[in-house]
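Taking it in order: structure first as structure tokens, then the write-up.
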Amino acid sequence: MVFEQYFYQYTKDSVQELRSATKSFFAALTGIAIDKGFIKSRHEPVLTYFPEYTLKNMTDAKKRITVENLLTQQTGLDCDISNGKSAGNEIKMDYSDDWVKFTLDLPMIDTPGGNGRYCSGNPVTLGRIVEKTTKMPLLTFAENNLFKPLGLTKYQWYFKPDRSNAENYCQVYLTPREMSKFGLLYLNNGVWKGKQIISSDFVNQSFEKHSVIQGVDYGYLWWLKYLDADGVRYYTKAAQGNGAKEFIY
């Protein structure tokens, strides 16, 4: 610990909103589910996990969307938070009955693996895939395979991707100190106290450039950014969310 300061009603023990920094947790849990064989591969077609849906705007391209396309925000779906006219804009999704079906119902405007578009429906869909393949609630899977191994004790997570979460956004709440453990896990190639929590291969893939979102390089639901200080450029990895929620490693 180098420096720490809290403001207003917050203390070091207060859980705080992570907003879209939660996306990096969806990535981690997807990686763990792949490592454990629940998800066969990052190249698995997404629609095979949702046979119960009769989807709108069905095309051959939509059938080719993979788990990796969700991780890299390259589904080709018309979903872009920075575009108010996008059919999949987050505000439109928030009050729908089923966020996953809302996302998968969207029309295609690109091929899977094409341009990156920031879409909150993508990590939510990954969360449901983890639930369906592990046959347990996402929080339970997270507790057993990520939170408890890291020694996280102060957290909240209500994952129910429908209108009941319209004001909460299925986000994780953590203390900054516990969020730092998550960052250290990734910086240590998925190892925590000698135990491999996430495979090093998945961690390395997470920090590779797969797409470009809003002009910034993007990995597996991680931002790959640089910071300039005193004439030196530092390349970093960041989990970030609205409201100045940013955790840079």
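Yes or no: region 162-180 includes at least one residue that is farther than 21 Å from Ala238 by Cβ, surrounded by 19 or more Cβ atoms within 10 Å (Cβ to Cβ) and not small (Gly, Ala, Ser). No, every residue in region 162-180 fails to be farther than 21 Å from Ala238 by Cβ, surrounded by 19 or more Cβ atoms within 10 Å (Cβ to Cβ) and not small (Gly, Ala, Ser). Within region 184-212, residues that are in contact (Cβ under 8 Å) with a residue 12 or more places away in the chain sit with their Cβ atoms under 7 Å from residues that are assigned to a loop (DSSP other than H, G, I, E, B) and surrounded by fewer than 18 Cβ atoms within 10 Å (Cβ to Cβ), at 6+ positions apart or across chains, in these pairs: Tyr186/Tyr249; Leu187/Tyr249; Gly190/Ser199; Val203/Asn189. Among the residues of region 192-224, those that are part of a loop (DSSP other than H, G, I, E, B) and either on the phi < 0 side of the Ramachandran plot or among the basic types (Lys, Arg) (or both) comprise Lys193, Ile197, Ile198, Ser199, Phe207, Glu208, Lys209, His210, Gly219, Tyr220, Trp222. Residues in region 45-67 that are of a type in the set (A, V, I, L, M) and touching an Asp or Glu at 6+ places or on another chain (Cβ under 8 Å) were compared, and the one that is surrounded by the most Cβ atoms within 10 Å (Cβ to Cβ) is Val67.
Residue by residue, here is whether (1) at pLDDT below 95; (2) over 22 Å from Gly127 (Cβ atoms) holds:
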{"residue": "Ser164", "(1), (2)": "no, no"}
{"residue": "Glu178", "(1), (2)": "no, no"}
{"residue": "Gln196", "(1), (2)": "no, yes"}
{"residue": "Gln205", "(1), (2)": "no, no"}
{"residue": "Ser211", "(1), (2)": "no, no"}
{"residue": "Tyr226", "(1), (2)": "yes, yes"}
{"residue": "Gly241", "(1), (2)": "yes, no"}
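Only one entry in Gln156, Gln196, Gln214, Gln171 is within 20 Å of Gly116 (Cα to Cα) and of a type outside the set (A, V, I, L, M, F, W, C), namely Gln214. Applying a threshold of 8 Å to beta carbon distances and a minimum spacing of six or more residues, or different chains, the list of pairs starting in region 6-23 at a residue that is without any contact (Cβ under 8 Å) to a residue 12 or more places away in the chain and ending at one that is among the hydroxyl-bearing types (Ser, Thr, Tyr) and in a loop (DSSP other than H, G, I, E, B) reads Tyr6/Ser14.
Per-residue answers, yes or no, for (1) aliphatic (A, V, I, L, M); (2) surrounded by fewer than 21 Cβ atoms within 10 Å (Cβ to Cβ):
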{"position": "Tyr95", "(1), (2)": "no, yes"}
{"position": "Trp99", "(1), (2)": "no, no"}
{"position": "Arg117", "(1), (2)": "no, no"}
{"position": "Pro123", "(1), (2)": "no, no"}
{"position": "Ile129", "(1), (2)": "yes, no"}
{"position": "Met136", "(1), (2)": "yes, yes"}
{"position": "Phe141", "(1), (2)": "no, no"}
{"position": "Lys148", "(1), (2)": "no, yes"}
{"position": "Leu152", "(1), (2)": "yes, yes"}
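Summed over region 228-242, the residues that are within 20 Å of Glu17 (Cβ to Cβ), touching a residue at least 24 places away in the same chain (Cβ under 8 Å) and either touching a strand residue (DSSP E or B) at 6+ places or on another chain (Cβ under 7 Å) or assigned to a strand (DSSP E or B) (or both) give a count of 3. Consider Leu70 carefully, then state whether it is crowded, with 22+ Cβ neighbours inside 10 Å, of a type outside the set (Val, Ile, Thr) and not in a loop (DSSP other than H, G, I, E, B). Considered against the rule, which asks whether it is crowded, with 22+ Cβ neighbours inside 10 Å, of a type outside the set (Val, Ile, Thr) and not in a loop (DSSP other than H, G, I, E, B), Leu70 comes out as yes. Between Ile32, Ile81, the distinction of being assigned to a loop (DSSP other than H, G, I, E, B), of a type outside the set (Phe, Trp, Tyr) and under 20 Å from the mean Cα position of the chain (by Cα) belongs to Ile81 only. Among the residues that make up region 56-66, is at least one of them within 17 Å of the chain's Cα centre (by Cα) and at pLDDT 95 or above? So far as region 56-66 goes, yes, one or more of its residues are within 17 Å of the chain's Cα centre (by Cα) and at pLDDT 95 or above.
The values are calculated or read from the model by the stated rules, or taken from the named source; none is laboratory data. Bear in mind that the values here come from a model prediction, so they are computed numbers and not experimental data. Every residue, glycine as well, gets a Cβ built from its backbone with ideal geometry; the counts of neighbours run over all protein chains shown.
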